[in-house]
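What follows is a structure written as structure tokens; I'll ask about it next.
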Amino acid sequence: MSTLRTPAELAEAGLAAPEELAGIEAVAERYAIAVSPAMAGLIDRADPNDPIARQFVPDPAELATGPEEREDPIGDLSHSPVEGIVHRYPDRVLLKAVHVCPVYCRFCFRREMVGPQGLGTLSSGALDRAFAYIGGHPEIWEVILTGGDPLVLSPRRLSELMQRLAAIDHVKVVRFHTRVPAVVPERIDEALIAGMKESGKTTYVALHANHPRELTPAARAACARLVDAGIVMLSQSVLLKGVNDDPDVLASLMRAFVETRIRPYYLHHPDLAPGTSHFRLSLEEGRRLVAALRGRISGLCQPTYVLDIPGGYGKAVITPDSVRERDGCQTVSDFRGREHIYPPEN
Ligand code: SF4
């Protein structure tokens with residue numbers, strides 16, 4: 001089986017009923033579709049609420065954009081000094097070399113940028129400018145490769161990028177944000193790992209997974225190959241209605257990470273991406289779920305619940321004390337101490 005990319009392929013694989021096709025085709029005109037064989041194989045066709053299907057199979061609800069939703073929900077573009085770089089915090093940058101993913105998540109916060117109609121792959125001139133920017137800013141200690149998914153790049157391309165980072169002394173840490181070890185575990189082979197490590201820097205992988213079923217034996221084996229090669233792994237998950245908004249599911253997910261030698265890191269409140277309101281919970285619901293994890297699972301398994309403040313102000317850690325009420329609105333503070341209303345008034 002190959003990756004499913006069209007409504008017809010989804011129907012043929014038993015992931016869309018004939019009466020759903022028109023709605024899915026309308027979504028396909030606007031947003032990219034990809035369901036990898038590993039994820040298609042995990043979906044229970046008999047369950048209309050399957051949490052894996054909900055993440056990857058388009059839903060006509062995606063065509064309804066709410067007034068609070070925005071094309072660039074976390075303000076990448078307003079913090080992009082040169083194409084492919086996002087410099088939001090002083091000591092680290094995002095390097096977005098590619099805007100292609102092995103799967104397209106229906107709740108993606110960069111859904112307007114990724115996919116065949118997205119921002120594409122950086123040209124060699126743009127890459128030169130991105131590396132010149134990193135080299136010219138000695139305060140950049142960490143480079144985070146994201147996108148898109150950087151592990152769709154070939155070992156040779158990855159190795160070239162890593163060699164360029166190797167030449168920049170002040171960069172000490174390289175981090176990859178990826179779904180590949182879970183959704184295309186067979187890609188994590190010796191050649192890819194060698195390419196990832198070519199910089200010689202301390203290398204981290206943050207694995208994006210949202211449901212414990214994604215940590216299949218093949219996914220766990222792929223992660224073991226990374227960890228055994230000396231790469232440190234962290235988790236990233238998005239809190240999603242109908243996928244993991246249940247304390248038992250979240251507890252199993254965090255335990256599955258720890259069993260796989262992945263340190264739970266961020267649990268993201270869903271962003272205000274267009275057409276994603278059917279995935280979104282309130283901050284109050286999120287806080288209740290996270291509170292339910294305390295006492296239920298080991299301290300090793302506790303994620304940090306964060307909100308990316310709309311507009312690009314960075315992350316706010318959501319704790320019982322960090323969300324305040326002001327004039328009937330909720331506010332959160334950014335890392336500079338500035339207060340922001342959430343959800344923002346448009
Ligand atoms: S893998 Fe990441 S960037 Fe790609 S569609 Fe999913 S959330 Fe978006």
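Which numbered condition trips up Asp271, out of (1) at pLDDT 95 or above; (2) over 30 Å from Gly195 (Cα atoms); (3) not hydroxyl-bearing (Ser, Thr, Tyr)?
Every listed condition holds for Asp271 apart from (1).
Check Ile188, Ile134 and return the single one that is more than 9 Å from the ligand (Cβ to nearest atom) and within 26 Å of Asp308 (Cα to Cα).
Of Ile188, Ile134, the one residue that is more than 9 Å from the ligand (Cβ to nearest atom) and within 26 Å of Asp308 (Cα to Cα) is Ile134.
Quick check on the stretch 75-87. Is at least one of its residues closer than 25 Å to Ile24 by Cβ and within 12 Å of the ligand (Cβ to nearest atom)?
Taking every residue of the stretch 75-87 in turn, none turns out to be closer than 25 Å to Ile24 by Cβ and within 12 Å of the ligand (Cβ to nearest atom).
Could you please find all residues in the stretch 216-235 being assigned to a helix (DSSP H, G or I) and in contact (Cβ under 8 Å) with a residue 40 or more places away in the chain? Don't jump to the end; show me each part of the working.
Here is the first cut: in the stretch 216-235, the ones assigned to a helix (DSSP H, G or I) are 217-228.
Listed by number, the residues that qualify are Ala218, Ala219, Arg220, Ala222, Cys223, Leu226.
Of the numbered conditions (1) surrounded by fewer than 18 Cβ atoms within 10 Å (Cβ to Cβ); (2) in contact (Cβ under 8 Å) with a residue 40 or more places away in the chain; (3) not in a helix (DSSP H, G or I), Ala292 fails exactly one; give the number of that condition.
Failed condition: (3).
Separate question: Among the numbered criteria (1) under 17 Å from the mean Cα position of the chain (by Cα); (2) modelled with pLDDT of 95 or more; (3) surrounded by fewer than 19 Cβ atoms within 10 Å (Cβ to Cβ), which one does Pro51 miss?
The failed condition is (3).
Could you identify the single residue in Tyr305, Tyr313, Tyr266 that is at pLDDT below 90, on the phi < 0 side of the Ramachandran plot and among the hydroxyl-bearing types (Ser, Thr, Tyr)?
Within the list Tyr305, Tyr313, Tyr266, the selection yields Tyr313.
Within the stretch 149-179, count every residue that is within 16 Å of the ligand (Cβ to nearest atom), of a type in the set (A, V, I, L, M) and out of contact with any Cys (no Cβ under 9 Å at 6 or more places or on another chain).
2
Among the numbered conditions (1) touching a strand residue (DSSP E or B) at 6+ places or on another chain (Cβ under 6 Å); (2) surrounded by fewer than 19 Cβ atoms within 10 Å (Cβ to Cβ), tell me where Arg225 comes up short.
(1)
Please determine whether any residue of the stretch 19-28 is within 16 Å of the ligand (Cβ to nearest atom), within 25 Å of Ile140 (Cα to Cα) and touching a helix residue (DSSP H, G or I) at 6+ places or on another chain (Cβ under 8 Å).
Initially, the stretch 19-28 is screened for residues within 16 Å of the ligand (Cβ to nearest atom), giving 27-28.
If we keep only those that are within 25 Å of Ile140 (Cα to Cα) too, we end up with none.
Among the residues of the stretch 19-28, not one is within 16 Å of the ligand (Cβ to nearest atom), within 25 Å of Ile140 (Cα to Cα) and touching a helix residue (DSSP H, G or I) at 6+ places or on another chain (Cβ under 8 Å), which makes the answer no.
Can I ask one more? Scan Leu63, Leu119, Leu94, Leu145 and give me the residue that is more than 15 Å from the ligand (Cβ to nearest atom) and of a type outside the set (Gly, Ala, Ser).
On the way: Leu119 fails: more than 15 Å from the ligand (Cβ to nearest atom); Leu94 fails: more than 15 Å from the ligand (Cβ to nearest atom); Leu145 fails: more than 15 Å from the ligand (Cβ to nearest atom).
On inspection, the qualifying residue turns out to be Leu63.
Moving on. Among the listed residues Ala222, Ala256, identify the single one that is under 20 Å from Ala38 (Cα atoms), more than 16 Å from the ligand (Cβ to nearest atom), at pLDDT 95 or above and among the aliphatic types (A, V, I, L, M).
From the options Ala222, Ala256, the qualifying one is Ala256.
For Ser277, which of the numbered conditions (1) within 16 Å of the ligand (Cβ to nearest atom); (2) among the polar types (S, T, N, Q); (3) in contact with a Gly (Cβ under 7 Å, 6 or more places away or on another chain) fails to hold?
Just one mismatch for Ser277, condition (1).
All but one of (1) more than 8 Å from the ligand (Cβ to nearest atom); (2) farther than 20 Å from Gly75 by Cβ; (3) surrounded by 23 or more Cβ atoms within 10 Å (Cβ to Cβ) hold for Val103, so report the exception by its number.
The number of the failed condition is (1).
Residues to consider are Ile24, Ile33, Ile43; find the one that is among the β-branched types (Val, Ile, Thr) and either under 18 Å from the mean Cα position of the chain (by Cα) or modelled with pLDDT under 95 (or both).
Ile33
Now for a separate question. Would you mention how many residues in the stretch 295-346 are outside any loop (DSSP other than H, G, I, E, B) and farther than 20 Å from Pro73 by Cβ?
So in the stretch 295-346, the residues outside any loop (DSSP other than H, G, I, E, B) come out as 297, 299-301, 304-308, 315-317, 324-326, 329-333, 339-342.
Among the residues that remain, those that are also farther than 20 Å from Pro73 by Cβ are: 297, 299-301, 324-326.
Of the residues in that region, 7 qualify.
The values are calculated or read from the model by the stated rules, or taken from the named source; none is laboratory data. Given the structure is predicted, the values throughout are model-derived calculations rather than measurements. Methodologically, a virtual Cβ is constructed for each residue, glycine included, from the backbone with ideal geometry; neighbour enumeration extends over all protein chains shown.
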